[in-house]
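Encoded as structure tokens, the structure appears first; notes follow it.
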Ligand code: 5GP
């Protein structure tokens, strides 16, 4: 498919994604066993994944949204995480579920898990990411759950952008030219 003169190759279709999201939710439902959950969606990239995932969680659930940035419109990480809006309620003694779009270098995941650890004594903290680029990891961190592992490709769609575009695609693909 061509969008904005860029060719996009489909990596994971909407069907693949929904199927995998349901599998992850099943694991989370086992873990939480009906206990209350605070789901934290990391904007903007995780918005589609988070909204789909929470639909399948069978617990009383509150959604929070935080905003960080590490990419500045291009395809390479800046290597620095900026907290743009990280206002959170009291998460002490809560089950916290952090929902990310992709773990690349791992800097964002580390920043977030450290931030939660430093500020709250949670009942549990689970980090879930739709995608995992294990090959580009720079810090020692793994998501507790992830949807799909991918190679070192810049992907877009299902919330992920290139220069602000493509977040609305209902699939994940990569820019091939
Ligand atoms: P990390 O801190 O792990 O290096 O990067 C995390 C953030 O970088 C993600 O939340 C995402 O916003 C962005 N990112 C990393 N890889 C990609 C990619 O392949 N495509 C897009 N659109 N964003 C990416």
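Bear in mind these aren't lab numbers, they're just calculated from the coordinates by the rules spelled out. None of these values were measured; they are calculated from a predicted model. Cβ coordinates were reconstructed from backbone atoms using ideal geometry, including for glycine residues, and neighbour counts include every protein chain displayed.
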Exercise for review: Take the alpha-carbon positions of the chain, form their convex hull, and give its projected area averaged over all directions (one quarter of the hull surface) in nm².
Suggested key: 9.4
Check your understanding: How far is helix 107-119 tilted, in degrees, relative to the longest principal axis of the Cα atoms in the chain, given as a value from 0 to 90 rounded to the nearest 10?
Key -> 20
Practice item. Calculate, for residue 117 and residue 151, the FRET efficiency according to 1/(1 + (r/R0)^6) with r their C-beta to C-beta distance and R0 35 Å; round to the nearest 0.05. Key: 0.70
Check your understanding: Sorting 135, 86 on the 10 Å Cβ count, fewest up front, what's the list?
Key -> 135, 86
